[in-house]
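> Have a look at this one before I ask anything.
The values are calculated or read from the model by the stated rules, or taken from the named source; none is laboratory data. It should be emphasised that the depicted structure is a prediction, and the values quoted were computed from it without experimental measurement. So basically every Cβ, Gly included, is an ideal-geometry build from the backbone, and we count neighbours across all protein chains shown. SASA here: full protein model, heavy atoms, side chains in, ligands and nucleic acids out. Shrake-Rupley method; radii C 1.70, N 1.55, O 1.52, S 1.80 Å.
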Amino acid sequence: MVQTAAEVGAPALHVLLLVDFQVGFVRAETEHLLKPVQGLVHDSFFSSVIATRFINVQGSLWQTAIHWDGLLSAREQALAVSLPPASILIDKKSYGIPHKDFEQLLKRLEGSRVFLAGIESDVCVAVIAASLFDAGLAPYVLCEFTGTNRGSEHQAHALDTLARIVGRDQMIEDFRSYSAANRS
């Protein structure tokens, strides 16, 4: 059963933080991530998986300021992969993680290595990476498991920006090699 952010337990060693990997965000530019991310969330390298889920609502700034009507339906908001049983799900209505949930998340992540993957690497993944860094935690970005619907040029820029945010050494381009060398 997927836990809510309020049901968070003791820290884990390797935590996967999957950002907004939802049906409504999977498009032609990101659909290649479906099978790899499904495998990633079930990889035994991770002691726990935390996923964020963006929820848009009628009258939100997404509609009024940005003129975007995406992810209003439950179908679009659904995760595009199935999570392992003890995963944590954080609902959000913003680019980042809500303050209360973020504080609980930081307690959960204490002493852990955090690995980021997900969709809209140029927006939500970058905001969450910056928030973690600002809180004193430099996450690892799993480059091959992130994407943006703005195309490959934007993805390249997003990965470059993420490297500036968290540090070039935090960018993992080949997860299989990294995890093989760093399994406990």
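> For region 128-184, report the % of Cα-Cα distances exceeding 19 Å. Can you show the working numbers first?
Working: 525 of 1596 pairs.
In whole percent, the long-distance tail amounts to 33.
> For every helix of n ≥ 4 consecutive DSSP H residues, a contribution of -39,500 (n - 2.57) applies; sum these over the chain, divide by its total residues, and give [θ] at 222 nm rounded to the nearest 500 deg cm²/dmol. Walk me through the intermediate numbers first.
Details: 7 runs with 61 residues, N = 184.
Theoretical 222 nm ellipticity from helices: -9000 deg cm²/dmol.
> Work the Kirkwood hydrodynamic radius out for region 104-152: mean of 1/r over every pair of different alpha-carbon atoms, inverted, in Å. Don't skip to the end; give the middle numbers.
Details: mean 1/r = 0.0883 Å⁻¹.
Final number for the Kirkwood radius of region 104-152 is 11.3 Å.
> Can you give me the distance in nm between label points at Ile55 and Asp160, each placed 7 Å from the Cα along the Cα-to-Cβ direction?
Rounded to a tenth, the inter-label distance reads 3.8 nm.
> For the chain, what % of the accessible area comes from carbon and sulfur atoms, probe 1.4 Å?
Working: 4870 of 9080 Å².
Using a 1.4 Å probe with all protein chains present, the chain comes out at 54 percent carbon and sulfur.
> Let me ask another. Considering the Cα positions of the chain, please state its Rg to one decimal place and its Dmax as a whole number of Å.
Cα-based Rg and Dmax for the chain come out at 15.3, 48 Å.
> From the C-alpha coordinates alone, can you work out the Kirkwood hydrodynamic radius of region 49-99, in Å?
Numbers: mean 1/r = 0.0832 Å⁻¹.
Taking every pair of different Cα atoms in region 49-99, averaging 1/r and inverting gives 12.0 Å.
> Could you size up the charge dipole of region 1-128 around its Cα centre, putting +1 on the beta carbon of Lys and Arg and -1 on that of Asp and Glu, and report it in debye to the nearest 20?
Values: 10 positive and 13 negative charges, 41 e Å.
Approximately 200 debye in magnitude.
> OK, next. Which lysines does Lys107 reach when only Cα atoms under 21 Å apart count, and residues fewer than 8 places away in its own chain are ignored?
Lys92
> Please work out the average accessible area per residue across region 30-132, using the 1.4 Å probe convention, and give it in Å².
Details: 4690 Å² over 103 residues.
Result: 46 Å² per residue.
> What aspartates and glutamates could a cross-link reach from Lys93, if we take a straight Cα to Cα line under 19 Å and drop same-chain neighbours fewer than 8 places away?
Leaving aside aspartates and glutamates fewer than 8 places away in the same chain, those within reach of Lys93 are Asp20, Asp69, Glu76, Asp101, Glu103, Glu120, Asp122.
> Now, a different point. Answer with one residue from Trp68, Phe145, Ala28: the one whose Cα lies farthest towards the positive end of the charge dipole of the chain, charges on Cβ with Lys, Arg +1 and Asp, Glu -1.
Phe145
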